[in-house]
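The values are calculated or read from the model by the stated rules, or taken from the named source; none is laboratory data. Quick caveat: nothing in here was measured; it's all calculated off a predicted structure. We place every Cβ from the backbone using ideal geometry, glycine too, and count neighbours over all the protein chains shown.
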């Protein structure tokens, strides 16, 4: 399995998240700030206009005059009324609407007496609301925006509709609309927006750096711990290996030594037998060392053709005493004339022996042991099933039995299953344990045929 | 009466050689190859000495050691093992073993240890 690159994925994911988060935050903050500032400005303008209108009791100029053509008295009144605003350099236009949306006065004379199409802002203002809209000269033009000074093109403005209430504050008698450039406010907004963006960007970068540093450190710690684990595992393997070596060598040596000692005693019978036992044990040692070296170097065994049925029968015969003593019901279901399989006979023998011994140990008080061998022509493998009715294996043990140098039982080298799995897997075969706790264990071995 | 020795050892050749050697020197010897058989024979023959292998096909020889020590404080127990290490020796002695030898063991050394134990515990010999 390819290892997961924590740092790379984290740096990518956190970068995307932080950019999105910072961007969204900056955008929302900017909008909120702009909206608040503009509305505040509009509210102040509106209050100012309203207080001025009340002071001058402009209502008389609206009531009953709507349908009349522009009246010089009206014009001069509004001129004086707006003098104050127009003196402010940032007001580029002021319109006064009657209730029927006719422009009764405008700083742009040509507009006086005109009536434009539907205007949501104006309608809302006639409903009693102060309405603010942002625009840019030459871009956000509406019909009533015509004839702005050409040199103003591209400049941003605030368009504010302010309702004018009757003297008794019961009805709205008209609307005042002003266009202001308010450069200072736009500058302030721009500065604020810049601060927000710079702030969130710096915040995002700092957050990213901090998280990156923490995760990088965590990655280093994880790598160190992994190394330590590997070391510990190696140490454990070495420890297990040392035990396996001690057990594998010292037992035959003990037999050899004691046989030799017995042979040296003149008046003790059995010198001939003792000599034979010495030979047997030397052979046993030498076979153990061969297996050990094979495990250590992973060399391919010279002979790689095994008769599964013969090996299985031989193993079962060897275990006949145990099977009888433990009252285990054995059934053999072996397909005749199976092809040879591509694995070392001795290794397969060890594997089957270990697996059968395990199965019998799982049934100390009787049970059923079922051995099946058959050809799987589709996959060109020989399958061996070993099923017992014992207590099954705990999940952690199913892996454990395949670890090298795990000393198995009687006469075991501690290498049998590890060696066999390696040999079987190298020949392209598989070995699987399936265990249902309390319902026994099923081992399935698949080994490719020689041809 | 000849002192009796129980050998609990799954290495059959070694067990038989020890048996031959000790019988040759006048001991009464019993051999068990498994933990279960070892415990059974211990109850039957009440040996003076038990030679005990740690790695047995059906379990750990130290379980026999603990079992014997719970019921009998006088019997001599000598641990024989192919696994070396001071830790194992310390644990075995702490669990109540009288002695500890690593394989391959010299038969005369083994006999020496048995004789030494029998010599030290002569009065209770034969009462078992």
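In the set A:243, A:234, which member is modelled with pLDDT under 85, within 24 Å of residue B:103 (Cα to Cα) and not assigned by TED's automatic domain parsing to the domain that holds residue A:10?
A:243
So in the range B:1-38, with the set limited to residues that are part of a loop (DSSP other than H, G, I, E, B) and within 11 Å of chain A (Cβ to nearest Cβ), which one is farthest from the chain's Cα centre (by Cα)?
B:25
Please enumerate the residues belonging to the range A:257-273 that are assigned to a helix (DSSP H, G or I), more than 7 Å from every other protein chain (Cβ to nearest Cβ) and either at pLDDT 80 or above or farther than 20 Å from residue B:12 by Cα (or both).
A:260, A:263, A:264
Among the residues of the range B:63-71, is any in contact (Cβ under 8 Å) with a residue 24 or more places away in the chain and under 30 Å from residue A:282 (Cα atoms)?
To start, the set of residues in the range B:63-71 that are in contact (Cβ under 8 Å) with a residue 24 or more places away in the chain comprises B:63-69.
Then drop every residue that is not under 30 Å from residue A:282 (Cα atoms), which leaves none.
No.
Name the residue that is farthest from the other protein chains (Cβ to nearest Cβ), counting only residues in the range B:39-50 that are buried (at least 20 other Cβ atoms within 10 Å of the Cβ) and outside any helix (DSSP H, G or I). Working first, answer last.
Start the filter on the range B:39-50 by keeping residues that are buried (at least 20 other Cβ atoms within 10 Å of the Cβ), which leaves B:42, B:47-50.
Applying the additional criterion that residues be outside any helix (DSSP H, G or I) yields B:47-50.
Values: B:47: 20, B:48: 21, B:49: 17, B:50: 17 Å.
Within the range B:39-50, the match that is farthest from the other protein chains (Cβ to nearest Cβ) is B:48.
Check the range A:175-182 and report whether any residue there is free of Cβ contacts under 8 Å to residues at least 40 places away in the same chain and assigned by TED's automatic domain parsing to the domain that holds residue A:17.
Looking for residues that are free of Cβ contacts under 8 Å to residues at least 40 places away in the same chain and assigned by TED's automatic domain parsing to the domain that holds residue A:17, one finds none in the range A:175-182, hence no.
Would you mind stating whether residue A:379 is loosely packed, with under 15 Cβ neighbours inside 10 Å and either at pLDDT below 90 or touching a helix residue (DSSP H, G or I) at 6+ places or on another chain (Cβ under 9 Å) (or both)?
Yes: the conditions hold for residue A:379.
So that you can scan it fast, the table gives a plain yes or no per residue for (1) within 23 Å of residue A:94 (Cβ to Cβ); (2) in contact with a helix residue (DSSP H, G or I) (Cβ under 6 Å, 6 or more places away or on another chain):
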site	(1), (2)
A:169	yes, no
A:176	yes, yes
A:192	no, yes
A:197	no, yes
A:209	no, no
A:230	no, no
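Could you pull out the residue among B:33, B:106 that is closer than 25 Å to residue A:271 by Cα, surrounded by fewer than 17 Cβ atoms within 10 Å (Cβ to Cβ) and at pLDDT 85 or above?
Criteria check complete, one pass: B:106.
In this structure, is residue B:65 farther than 19 Å from residue B:120 by Cα and not in a loop (DSSP other than H, G, I, E, B)?
When the stated conditions are applied, residue B:65 passes them.
For residue A:113, work out the one condition from (1) at pLDDT below 75; (2) part of a loop (DSSP other than H, G, I, E, B); (3) surrounded by 14 or more Cβ atoms within 10 Å (Cβ to Cβ) it doesn't fulfil.
(1)
Just one of (1) assigned by TED's automatic domain parsing to the domain that holds residue A:38; (2) part of a helix (DSSP H, G or I); (3) without any contact (Cβ under 8 Å) to a residue 24 or more places away in the chain trips up residue A:192, so point out which.
If we test residue A:192 against (1) assigned by TED's automatic domain parsing to the domain that holds residue A:38; (2) part of a helix (DSSP H, G or I); (3) without any contact (Cβ under 8 Å) to a residue 24 or more places away in the chain, just (3) comes out false.
If the requirement is being buried (at least 19 other Cβ atoms within 10 Å of the Cβ), closer than 22 Å to residue A:273 by Cα and in contact with a strand residue (DSSP E or B) (Cβ under 9 Å, 6 or more places away or on another chain), which of these qualifies: B:16, B:62?
After ruling out the rest, the residue left standing is B:16.
Of (1) at pLDDT 85 or above; (2) surrounded by 20 or more Cβ atoms within 10 Å (Cβ to Cβ), residue A:195 satisfies all except one. Which?
With (1) at pLDDT 85 or above; (2) surrounded by 20 or more Cβ atoms within 10 Å (Cβ to Cβ) applied to residue A:195, the lone miss is (2).
From the list B:53, B:58, pick out the single residue that is within 30 Å of residue A:360 (Cβ to Cβ), under 11 Å from the mean Cα position of the chain (by Cα) and at the interface with chain A (Cβ under 10 Å from one of its Cβ atoms).
Criteria check complete, one pass: B:53.
Taking residue B:90 as meeting all but one of (1) within 14 Å of chain A (Cβ to nearest Cβ); (2) surrounded by fewer than 16 Cβ atoms within 10 Å (Cβ to Cβ), write down the number of the exception.
Among (1) within 14 Å of chain A (Cβ to nearest Cβ); (2) surrounded by fewer than 16 Cβ atoms within 10 Å (Cβ to Cβ), the lone unmet condition for residue B:90 is (1).
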